[in-house]
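The values are calculated or read from the model by the stated rules, or taken from the named source; none is laboratory data. For clarity, every value in this text was computed on a predicted model and none was experimentally measured. Positions of Cβ are generated from backbone atoms using ideal geometry, with glycine treated the same way; all protein chains shown enter the neighbour counts.
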Amino acid sequence: MLTAAQFSRLFPFHVILDSQMRIVSVGGVLARICPTAVPGVAFGECFSLVRIGVASGHPFDREYILSQQNTLFVFRTSASQVMLRFQALVLDSPERFAFVGSPWVRKPNELAALGLVMSDFALHDSTVDLLQLIQTATVSVRDAKDLAARLELQRNDLEELIASANVPILGVDRQGFITEWNRASERLFGVARDAALGRTLESQTAGLRPRERVAALVHESLDGRSAGEIECSLIAAAGRLSQIRMSGSPRHGVDGEVVGALLICHDITALAEYRKELEERVAARTTELSKANADLSRAMSAKDDFLSAMSHELRTPLNAVLGLSESLLEGVYGPLTDRQTKSLGTIAESGHHLLTLINDLLDIAKLGAGKMELSLGDVSVSDLCATSVRLVIQQALAKHISVRVISDEAVDSLVTDARRLKQVLVNLLSNAVKFTNNGGSVVLEVCGRSDDGLVAFTVHDTGIGISAEDLKRLFVPFTQIDSRLSRQYSGTGLGLTLVRRLSLLLGGDVSVMSEPGVGSRFTVTVPWVTPSNAAESRSNTASVTAGGESGSVGSSAGPLILVVDDDIPTQETVSDYLISNGYTVVAASNGLEGVRSAKLREPRLILMDTQMPGMNGLDATRELRAIRAFDATPIVALTSGAMAGDRERCLEAGANAYFSKPVHLKELLSTIDSLLKAPSARREATP
Amino acid sequence: MYGMVNKAIEDLVTIKFGEDKWKEIKRRSGVNIDVFISNDAYDDSITYGLVGAASEVLGLTPPQILFAFGEFWVLHTARLGYGDLLSAAGRDLPEFLDYLPSFHIRVALIFPHLKPPRFETSDRGENHLTMHYFSHRPGLSEFVKGLFSGIGKMYETPLKVTQTKSKDAGDDHDEYLLQWGAAAAA
């Protein structure tokens, strides 16, 4: 049994009545909002029944109330008009019963109007929960309205953006009916928005071609794929042809499903025209360039031909000059006076200088044309240095200049092009001797550098040195740094250019340090590749250098040699020299004559000029090699050119050795001697 | 966290510091939500991210920011939507504080997935009580202090808030001694 206090705490809005419907007690909170409800006062004086669910006209008395204990009663306080919802409850005796319930409030602010707070309600009373729910719902509705307003704003912005966009934007639904058609679309297709909306895309964009491409774009977009772009043509109503680039993308609904497609068009007519014009210009330019390339190629070919011809034209007379000088100096044509000997020496020296000049020019030309090929082989570094020094030692001795080599034990041999590296070193040594005053010194120092994998060949001298300003122009072709020097020191100005280019070709470089009056240090580097580590990659292109002991058979009835050359001075010079060295010589002036003569005389060896009128030397060689009797006869090719490929062409035709004019007669003699002594196997020899 | 908490951060920043600062805070925190729905649940990381970015942009420490948010939430944001309900929670400050635990239990019933904090009171005296605060969210004690401060201002009653236990310091929950009236002035 609850005490009165407990009952009041559980039901703060209760009223207990006696059998006469007089108030026995009132809950604390109800007493506050309805102060007239005090014990002894008739219930009807304080509360009036709101007839909701109660039969009209029925007497509202104790019997009726007790019969309706499952009915909700609604009362209004007489003083403050507060509505209360009550449940009737019979208490411990039939004479006493109670109304328990709470005020009916629909909004939190009504509580304040009643002077109530939430703690006035019993904790079990759901009125407070209802108020909190209502408040929460109110806030949610407010937020939803805010969102709707923002969305409306954004939708308006978007619609305006689409409508005013400079690019045509079209929307279609899943059935292909147009849902969006902005002003740019009106202009492009010549159809008003109102006329287009709700119609099929196909009917309003009939001028688009090809239709299939447009349909595929729409189809892919409706499939939910970002469909990319297509290009199509549009024939407008006025007949104007436009080029259109169209992109498509799906439009999604609230639940993420695809509800349509959005198509954006770009009029690329001007761009397409410009592109076409550009393509035409590129094509025209390409044609021009092709023609220019062909012209250039012809010019390059002409240049090569010119160089070859010039080489021939320059070397042929020089061959005669040097050959005859050599023959005369050796007394082939009889004894000479001292004065004649001296003059001939000057002629020979000038000829050799001229030959050097021609060779340098040809080398520069070949390097420039990328036609110089390396012939790699195993090279003894000490031999290379000794040979290089030997070539300048006479020049050095004449000036009392000491020349020595500092070697590096670690650098024994290298895989490189011996001829070209020697050319570089001789150039540097020759310069060093040339620009060093009497009594000075020149050193060639070799140093293997494991840190960068290079071998450095340094030539240092105690010469006149080079200023910092002049160093900048040092490797420029045809430039001798001081014109006064060119008068004092002869030179072409090509030497250092050749050194630089050859060094690069060999895989290294050249550098210089110098101080005027003190001397210069030129350092050439080449890759430190030894025969052992190059074994796998080394090519089989090593040339065999002609040389060895010179010698002659020394008898006029000696072995018969056929000299085939259309250039009579050369023919005579070579013949005279060979005869003076004991050989028997027979001559011919062209290839056909040479072949006939060979068949008739069966010489032991044939010297064959390559460039001759009628049958040239290469064809004559091939014809002879086709004859069994000449299968093993040594043939030495003599060429007037010195272009890349000459050697290969000669060897391919069947020659055993190859000499470039002007021929050094001693070397030729040595080669002839070797070939005649050697077994019949062919071997290649070049000077 | 309630959307209304994030909304409070937005309102505080835009009203006190301007729209541009709010955009900068959103950019820095990587939050890309245009509108916070008051009664929706948002990941706590969003709130923490906004507080961190606000601290950087406004040059205030996170505790300062959290206290200001708590106070602002009571006095501004909550009053906009829940003002009548707040007013109905008590005729005066003590009554409000007494009712606070039940209030949050009812909130928990309405939003069971929001995991609202739980309050308990003890040691109720004439001018003081001890408020126990249980929350799985770390680092919000300054926010709670700001809430109490805002409630004191709402009832125009001096309120002294003294934290007596701290979860961040290793206690099992936060505990505050709340003193009002003359006790607050003492």
Considering B:Asn6, B:Asn39, which residue is outside any helix (DSSP H, G or I) and either crowded, with 21+ Cβ neighbours inside 10 Å or not acidic (Asp, Glu) (or both)?
B:Asn39
Could you run through the stretch A:344-400 and say how many residues are part of a loop (DSSP other than H, G, I, E, B) and farther than 25 Å from A:Lys434 by Cα?
8
Say whether the condition of being in the same structural domain as A:Glu180 (by TED's automatic domain parsing), surrounded by 14 or more Cβ atoms within 10 Å (Cβ to Cβ) and within 17 Å of A:Phe189 (Cα to Cα) is met by at least one residue in the stretch A:247-256.
yes
Specify which of the listed residues (A:Leu675, A:Leu668) is modelled with pLDDT of 85 or more, over 27 Å from A:Lys366 (Cβ atoms), crowded, with 17+ Cβ neighbours inside 10 Å and more than 45 Å from the chain's Cα centre (by Cα).
A:Leu675
What about B:Phe96, is it within 14 Å of the chain's Cα centre (by Cα) and either in a loop (DSSP other than H, G, I, E, B) or under 13 Å from B:Ile151 (Cα atoms) (or both)?
no
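Table: residues versus (1) surrounded by 15 or more Cβ atoms within 10 Å (Cβ to Cβ); (2) over 19 Å from B:His76 (Cα atoms); (3) away from chain A (no Cβ under 14 Å); (4) among the hydrophobic types (A, V, I, L, M, F, W, C).
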| site | (1), (2), (3), (4) |
| --- | --- |
| B:Lys115 | no, yes, yes, no |
| B:Thr121 | yes, yes, no, no |
| B:Glu126 | no, yes, yes, no |
| B:Phe134 | no, yes, yes, yes |
| B:Arg137 | no, yes, yes, no |
| B:Lys145 | yes, no, yes, no |
| B:Ser149 | yes, no, yes, no |
| B:Gly152 | yes, no, yes, no |
Considering the stretch A:550-568, residues that are modelled with pLDDT of 85 or more and in contact with a helix residue (DSSP H, G or I) (Cβ under 7 Å, 6 or more places away or on another chain), and then whichever is nearest to A:Arg315 (Cα to Cα), we arrive at A:Asp565
A:Ile162 fails exactly one of the following numbered conditions: (1) surrounded by 12 or more Cβ atoms within 10 Å (Cβ to Cβ); (2) more than 14 Å from every other protein chain (Cβ to nearest Cβ); (3) out of contact with any strand residue (DSSP E or B) (no Cβ under 7 Å at 6 or more places or on another chain); (4) under 30 Å from A:Glu186 (Cα atoms). What is the number of that condition?
(3)
Given the structure, is A:Ser226 touching a residue at least 24 places away in the same chain (Cβ under 8 Å), within 25 Å of A:Glu160 (Cα to Cα), surrounded by fewer than 13 Cβ atoms within 10 Å (Cβ to Cβ) and in contact with a strand residue (DSSP E or B) (Cβ under 9 Å, 6 or more places away or on another chain)?
yes
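From the set of residues in the stretch A:595-625 that are in contact with a Pro (Cβ under 9 Å, 6 or more places away or on another chain) and within 19 Å of A:Ile568 (Cα to Cα), which is modelled with the lowest pLDDT?
Filtering the stretch A:595-625 for residues that are in contact with a Pro (Cβ under 9 Å, 6 or more places away or on another chain) and within 19 Å of A:Ile568 (Cα to Cα), the one modelled with the lowest pLDDT comes out as A:Ser597.
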B:Ser55: passes all of (1) surrounded by 15 or more Cβ atoms within 10 Å (Cβ to Cβ); (2) within 14 Å of another protein chain (Cβ to nearest Cβ); (3) without any contact (Cβ under 8 Å) to a residue 40 or more places away in the chain but (2)
For the structure I just gave you, tell me whether B:Leu80 is surrounded by fewer than 15 Cβ atoms within 10 Å (Cβ to Cβ) and not in a strand (DSSP E or B).
yes
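So which of A:Arg628, A:Arg649 ends up being outside the structural domain of A:Leu361 (by TED's automatic domain parsing), touching a helix residue (DSSP H, G or I) at 6+ places or on another chain (Cβ under 9 Å) and modelled with pLDDT of 85 or more?
Being outside the structural domain of A:Leu361 (by TED's automatic domain parsing), touching a helix residue (DSSP H, G or I) at 6+ places or on another chain (Cβ under 9 Å) and modelled with pLDDT of 85 or more holds for just one of A:Arg628, A:Arg649, which is A:Arg649.
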Report the residue count in the stretch A:112-132 for those that are facing another protein chain (nearest Cβ under 9 Å), modelled with pLDDT of 90 or more and assigned to a helix (DSSP H, G or I).
5
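Taking the condition of being crowded, with 18+ Cβ neighbours inside 10 Å and within 17 Å of A:His266 (Cβ to Cβ), how many residues in the stretch A:186-217 meet it?
Number satisfying all stated conditions: 7.
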(1) assigned to a helix (DSSP H, G or I); (2) facing another protein chain (nearest Cβ under 9 Å); (3) over 21 Å from A:Arg150 (Cβ atoms): which one isn't true of B:His104, the others all being true?
(2)
Wholly enclosed strands (runs of 3 or more DSSP E) of the stretch A:559-646 bearing at least 1 residues of a type in the set (Gly, Ala, Ser):
A:584-588, A:635-639
Take the residues in the stretch A:101-110 that are at pLDDT 90 or above and buried (at least 20 other Cβ atoms within 10 Å of the Cβ); name whichever of them is nearest to the other protein chains (Cβ to nearest Cβ).
A:Val105
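Take the residues of the stretch B:26-36 that are of a type in the set (D, E, K, R) and under 25 Å from A:Ala144 (Cβ atoms): which is surrounded by the fewest Cβ atoms within 10 Å (Cβ to Cβ)? I'd like the intermediate steps shown before the answer.
Of the residues in the stretch B:26-36, the ones of a type in the set (D, E, K, R) are B:26-28, B:34.
From what is left, the residues that are under 25 Å from A:Ala144 (Cβ atoms) are B:26, B:34.
Values: B:Lys26: 20, B:Asp34: 9.
Among those residues, the one meeting the criterion is B:Asp34.
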Give the stretch A:135-145 a look and list any residue that's more than 7 Å from chain B (Cβ to nearest Cβ) and surrounded by fewer than 16 Cβ atoms within 10 Å (Cβ to Cβ), or say none.
A:Ala137, A:Val141, A:Ala144, A:Lys145
Hey, can you tell me all the residues within the stretch B:64-85 that are of a type in the set (A, V, I, L, M, F, W, C) and facing another protein chain (nearest Cβ under 9 Å)?
B:Leu80, B:Leu85
Working only within the stretch B:28-42, note down all residues that are at negative phi, touching a residue at least 12 places away in the same chain (Cβ under 8 Å) and away from every other protein chain (no Cβ under 14 Å).
B:Arg28, B:Ser29, B:Val31
Complete set of residues in the stretch A:170-227 that are assigned to a strand (DSSP E or B) and not acidic (Asp, Glu)
A:Leu170, A:Gly171, A:Val172, A:Phe177, A:Ile178, A:Thr179, A:Trp181, A:Thr200, A:Leu208, A:Arg209
Name the helices (runs of 4 or more DSSP H) wholly inside the stretch A:7-88 in which the number of residues that are within 18 Å of A:Val105 (Cα to Cα) and assigned by TED's automatic domain parsing to the domain that holds A:Glu110 is 3 or more.
A:28-33
